[in-house]
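**Q** Before I ask anything, let me first share the structure, which is written out below as structure tokens.
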Protein chains: 2
Amino acid sequence: MKFIITREQLVNSVQDVMKAVSTRTTIPILTGIKIEAHEDGVTLTGSDSDISIERFVPAEEDDHVNVTIEKPGSIVLQARFFSEIVKKLPDSKIEIEVYDRFSTHIRSGSSEFNLNGLDPQEYPRLPEVQENNRFSIQADLLKTLIRQTVFAVSVSETRPILTGVNWRIEDNELKCVATDSHRLASRSATVEASSEDMDFSEVVIPGKSLTELSKILDDSSELIDIILTESQVLFKAKNILFFSRLLDGNYPDTSKLIPNDSKTVMIVSTKEFLQAIDRASLLAKEGRNNVVKLSTMDQDQVEISSNSPEIGKVFDHVKTESLEGDELKISFSAKYMMDALKAMDCSEVQIQFTGAMRPFVLNPIEERSITQLILPVRTY
Amino acid sequence: MKFIITREQLVNSVQDVMKAVSTRTTIPILTGIKIEAHEDGVTLTGSDSDISIERFVPAEEDDHVNVTIEKPGSIVLQARFFSEIVKKLPDSKIEIEVYDRFSTHIRSGSSEFNLNGLDPQEYPRLPEVQENNRFSIQADLLKTLIRQTVFAVSVSETRPILTGVNWRIEDNELKCVATDSHRLASRSATVEASSEDMDFSEVVIPGKSLTELSKILDDSSELIDIILTESQVLFKAKNILFFSRLLDGNYPDTSKLIPNDSKTVMIVSTKEFLQAIDRASLLAKEGRNNVVKLSTMDQDQVEISSNSPEIGKVFDHVKTESLEGDELKISFSAKYMMDALKAMDCSEVQIQFTGAMRPFVLNPIEERSITQLILPVRTY
């Protein structure tokens, strides 16, 4: 194998596939990046066996030469060193050549590295994916869907299925739901289904996979193809394939968790409410589990309070745009509330309560595509 | 005590004194910040007993009211909470009032914190400093002196005196020297001595104190007064007093370490040389103690090389501006070399070697106010 590639293309591509490489893998070859040079360009692959990322650098693109292939072939190089080395090479062109026994020479300007490579035949093959179940979504919308739900997945392995986000497709509507059983985030959006007959309609994608995917995607209107199989999901962007395994098991039915009625409804400025919770949280973090208390007051305002016997107390008042229904005193996790408010992307938020012991619901005003649900904390 | 202060002034001042507050102190009152309101302003103090920082906020400054004192007094508040709280308060004005039993109310806009304060009488007094030994130096030059020497102090407590920087004053010349016994950094500068008779001419200031001082000072031409006593040094800037204890003991005589003659002299671009060492260091870090090798070559260039049996080898070539004297192969710590080169602030560096086993010296060309010395590593 021998090729010359522009440093910028190589650095960016290595950075993308590195997102799948774990240093804690039990499979030694997966500490490497697989590099394949073929006639039409160079393909890099990184994998931790849960996530696999394949990045293609076309030989020519927009009348610009990225890669000159002198001899096709392939090699696996230690990801950690290779990624550090390419970043620091002095010239804008990098030559990579494999000699006998996987010995690999990397030349750039006055610098030459000679790395011990690994046998590319030992590198696992990427899953083959049947394209029966396929739909498309814009990259920027996909990133938003992920950001608005993935924070609510469980970080505990007690119920592994809850560490993923449930994706359900029905009538060209994608609904994403995440819950750790103390709070729930839900977001739906219209997608373009390309397949005529979807074999099945529901998968659970590991939260970690979605977080890594989100880092690779640009905030662009590029259409991302999403292909579902029974055990894998594949996201196809321009020059990138992102594979993730799916979680096994049945996702709990969350549709009944969201209350239909409400007893107290308030509308507040998202920013002012978030800042008041944030201040109350300064003392709450020291006390019991970061719990703050909300009390409705006369005169269209609510009080946010918290106390830590050793440090002191805090009282904050937030003016409401509207406040209707029963009086209420309710306690909840400041962290969950802040996570939910940050995910809302709206200047005013409507919160519907059904008493101090029942879950409550956050929505943008007159907008149901995004819903955040939080369970209160009993404090007495 | 009761006063109203602008949030900006309070946040900045708290940030300054926090640099002296340690969470790992064995003296509980030192986890707090002392706040004193008197007629002409507010004074904040933080200390870890090695470093003490006093920050004054004048009631009025440049026709601008910073503080309105309603009742003088003092209190000590938990530094960690107080600093977080003031940053997040909603209004541009903050009112602080102490009630009975050190209970302290902090009000700003719709927000009210009620913190349990500590008895200000228990807070240790700052050292009283006699101003016999005093000189002045511009803040930006002081920061440069610190940056160019402090990285070379020892991080090991085996010889505590080496964890400090030696400051020696003679004939209005300040010479700063730091060494960890493997390398040495030295920088001198002209200062304005204000005292007629300096009682003594040499102190050793803990490296950590100088690092913290450097963070507080602006890059300005403001004159900083420096006052030496037997056990303390005091840096006086506008509205800030920075006290540090001095290290006990005799600093080793380093003047004889620097070789007078040289056998090989090279001049190279600081940046190109630094980048080549940085690349070689990528593999050297994996091998023996981050050691790289420099070899003189024909044709006015040197080779930097390194190898790690498991990962591979690297060879880098750096063109020299000039290369005179004996051939040379020498090994040294890539980290020490990079530290020294980064401290030089010059586009070209002159390196004088006296054989593979002798310390070598880095200087800017024809400039002796800054000298870096590195001991080589024996590799065979």
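Just so you know, all these numbers are worked out from the coordinates, no wet-lab data involved. These numbers come from a predicted model, not from an experiment. Here Cβ is always computed from backbone atoms with ideal geometry, including for glycine, and neighbour counts include all displayed protein chains.
**Q** Just need the relative contact order of segment A:264-374 here, percent rounded to a whole number, with Cα pairs under 8 Å and 6+ apart.
**A** On the way: 235 pairs, mean separation 34.0, N = 111.
Answer for segment A:264-374 is 31 percent.
**Q** From the label point of A:ARG168, set 7 Å from Cα along Cα→Cβ, how far away are the matching label points in the other copies, in nm, ordered shortest to longest?
**A** With the label placed 7 Å along Cα→Cβ, A:ARG168 yields 7.9 nm.
**Q** Can I ask one more? How high is the relative contact order of chain A, in percent, with contacts defined as C-alpha pairs under 8 Å that are six or more residues apart? Before the final figure, lay out the partial values.
**A** Values: 876 pairs, mean separation 48.2, N = 380.
For chain A, the relative contact order is 13 percent.
**Q** Something else now. Considering Cα pairs under 8 angstrom that are at least six residues apart, work out the relative contact order of segment A:123-199 and quote it in whole percent. Don't skip to the answer; put the middle values down first.
**A** On the way: 113 pairs, mean separation 26.9, N = 77.
Worked out over segment A:123-199, it gives 35 percent.
**Q** For the residue pair A:HIS105 and A:GLU128, what label-to-label distance in nm results when each label sits 7 Å from Cα along the Cα-to-beta-carbon direction?
**A** A separation of 3.8 nm, rounded to one decimal place.
**Q** Please list, in order along segment B:302-314, the HN-Hα scalar couplings obtained from phi with the Karplus expression 6.51 cos²θ - 1.76 cosθ + 1.60 (θ = phi - 60°), rounded to whole Hz, x for Gly and Pro.
**A** My calculation for segment B:302-314 gives 10, 9, 10, 9, 6, 8, 10, x, 6, 8, x, 10, 9 Hz in order.
**Q** A follow-up question, please. Quick one: label points 7 angstrom along Cα→Cβ at A:MET297, distances to the other copies in nm, smallest first?
**A** Ordered by increasing distance: 7.5 nm.
**Q** At q = 0.12, 0.21 Å⁻¹, what log₁₀ I(q)/I(0) does segment B:38-151 have when each alpha carbon counts as one equal point scatterer in the Debye sum?
**A** These q points yield log10 I(q)/I(0) values of -0.62, -1.32.
**Q** Taking chain A as the reference, fit the longest principal axis to its C-alpha atoms, fit the long axis of helix A:207-216 to the helix C-alpha atoms, and give the angle between the two in degrees, 0 to 90, nearest 10.
**A** 60
**Q** How much length is gained on full extension from A:GLU230 to A:ASP91, taking 0.36 nm per residue of separation minus their Cα-Cα distance? The partial results should precede the final answer.
**A** Details: separation 139, 0.36 × 139 = 50.04 nm, distance 4.56 nm.
Between A:GLU230 and A:ASP91, full extension yields an extra 45.5 nm.
**Q** Starting from the Cα gyration tensor of the protein assembly as shown, take the square roots of the eigenvalues, sort them a ≥ b ≥ c, and report rounded, prolate or oblate (rounded when a/c is under 1.5, otherwise prolate if a/b is larger than b/c, else oblate).
**A** Values: a/c = 2.77, a/b = 1.08, b/c = 2.57.
Taking the square roots of the gyration eigenvalues as a ≥ b ≥ c, the protein assembly as shown is oblate.
**Q** Calculate the spin-label point distance for B:ASN250 paired with B:ASP63, positioning each point 7 Å from the Cα along the beta-carbon direction, and give it in nanometres.
**A** A separation of 6.0 nm, rounded to one decimal place.
**Q** Which angle between 0 and 90 degrees, to the nearest 10, do you get for helix B:139-149 versus the longest principal axis of chain B when only C-alpha atoms count?
**A** Here the helix axis deviates by roughly 50 degrees.
**Q** Once phi is turned into θ = phi - 60°, what whole-Hz ³J(HN,Hα) does the Karplus curve with 6.51, -1.76 and 1.60 give for every residue of segment B:154-168, x standing for Gly and Pro?
**A** Taking θ as phi minus 60°, the curve returns 6, 9, 9, 8, 4, 10, x, 4, 7, 7, x, 9, 7, 10, 10 Hz for segment B:154-168.
**Q** Provide an ascending nm list, one decimal, of label-point separations from A:ARG245 to the equivalent residue in each further copy; define each label point as 7 Å from Cα along Cα→Cβ.
**A** For A:ARG245, the inter-copy label distances come out at 5.6 nm.
**Q** Test of understanding: what is the full-extension gain from A:ASN239 to A:ASP40, defined as 0.36 nm times their sequence separation minus their Cα-Cα distance? Could you put the intermediate results ahead of the total?
**A** Numbers: separation 199, 0.36 × 199 = 71.64 nm, distance 1.24 nm.
70.4 nm is the gain from fully extending A:ASN239 to A:ASP40.
**Q** Could you work out how far apart the two model spin labels at B:THR26 and B:GLU348 are, taking each label as a point 7 Å from the Cα in the direction of the beta carbon, and quote it in nm?
**A** Simple spin-label model gives 5.6 nm for this pair.
**Q** By how many nm would the segment from A:ILE267 to A:ARG378 grow when fully extended, if each residue of separation counts as 0.36 nm and the alpha-carbon distance is taken off? Walk me through the numbers before you get to the answer.
**A** Numbers: separation 111, 0.36 × 111 = 39.96 nm, distance 2.36 nm.
Between A:ILE267 and A:ARG378, full extension yields 37.6 nm more.
**Q** Counting Lys +1, Arg +1, Asp -1, Glu -1, what net charge surrounds B:ARG358 among other residues with beta carbon under 11 Å of its beta carbon? It would help to have the intermediate numbers written out before the result.
**A** Working: positive: B:LYS263; negative: B:ASP261.
After counting each charged neighbour, the total is 0.
**Q** A follow-up question, please. Could you work out how far the C-alpha centroid of segment B:26-41 sits from that of segment B:118-192, in angstrom?
**A** After rounding, the separation between the Cα centres reads 26 Å.
**Q** Okay, next question. Loop only per DSSP, at most 15 neighbouring Cβ atoms within 10 Å: give me the GluC sites (Glu not before Pro) in segment A:92-171, ordered by residue number.
**A** Values: sites: A:GLU95, A:GLU97, A:GLU112, A:GLU122, A:GLU128, A:GLU131, A:GLU157, A:GLU170; in loops: A:GLU128, A:GLU131, A:GLU157.
Here the GluC sites (Glu not before Pro) that fit, given the DSSP loop and packing criteria, are A:GLU128, A:GLU131, A:GLU157.
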